[in-house]
Structure formats: C-alpha cells, structure tokens
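Data first, discussion second: the structure below is written as structure tokens.
Since every read-out is calculated from the coordinates, none of them should be taken as a lab result. What you see is a predicted model, and the numbers here were worked out from it, not measured in a lab. With ideal geometry, Cβ positions are generated from the backbone for all residues, glycine too; neighbour counts draw on all protein chains shown.
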Amino acid sequence: MKKFCKTIRIIFACLFVLIGIIGLLIPVFPTVPFLILAAVIMEKKPSDVIRKFRWILKNIQIKYKRLVRRLRKNRSDKL
C-alpha cells in the first residue's frame, strides 16, 4: 500500500511540474502554484508542509510590509 501511495504521489507531482512548465510557455497560465503544489505533494511529513507554508506566508507578509512602507514614503515625499 505504501509503494502504491508513493507512486501516486510521484505521478501527481510530475503532472503538476509539467503543468508548471507549460505555464512558463503560456503567459496567461499560472506557474508558481503548480510548482508549489508539486513540492507539497512530494513532502514526506504533513508537519513539514505546514511549517514551510507558514514560513512562506511570513516572508510574503514581511516583503509586503516593506513594499507598503516604501510606497507610503514615496507618496508622502511627492506631496
């Protein structure tokens, strides 16, 4: 049963990577969500997936906050 589940995970991960590569060639088609999904599927422990997802969200929030601060500063400088 474990070997079957591992095989299914590998098949789906390869499928999502392939879709992500197609997304590189077609400008309207998204790439990153499919590559992230493939990485999550290949992760062995669900706790690792949750930890990495939280790390990604934390870093996105930090970069977003920096961007907002920079935009506010630029806007206030122009006024």
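Criterion applied to 36, 11, 19 was being part of a helix (DSSP H, G or I) and either surrounded by 16 or more Cβ atoms within 10 Å (Cβ to Cβ) or at positive phi (or both), and the one residue passing it is 19. Counting the residues of segment 39-53 that are loosely packed, with under 12 Cβ neighbours inside 10 Å and outside any helix (DSSP H, G or I) gives 2. So in segment 19-34, with the set limited to residues that are of a type in the set (A, V, I, L, M) and within 15 Å of the chain's Cα centre (by Cα), which one is nearest to residue 56 (Cα to Cα)? This residue is 32.
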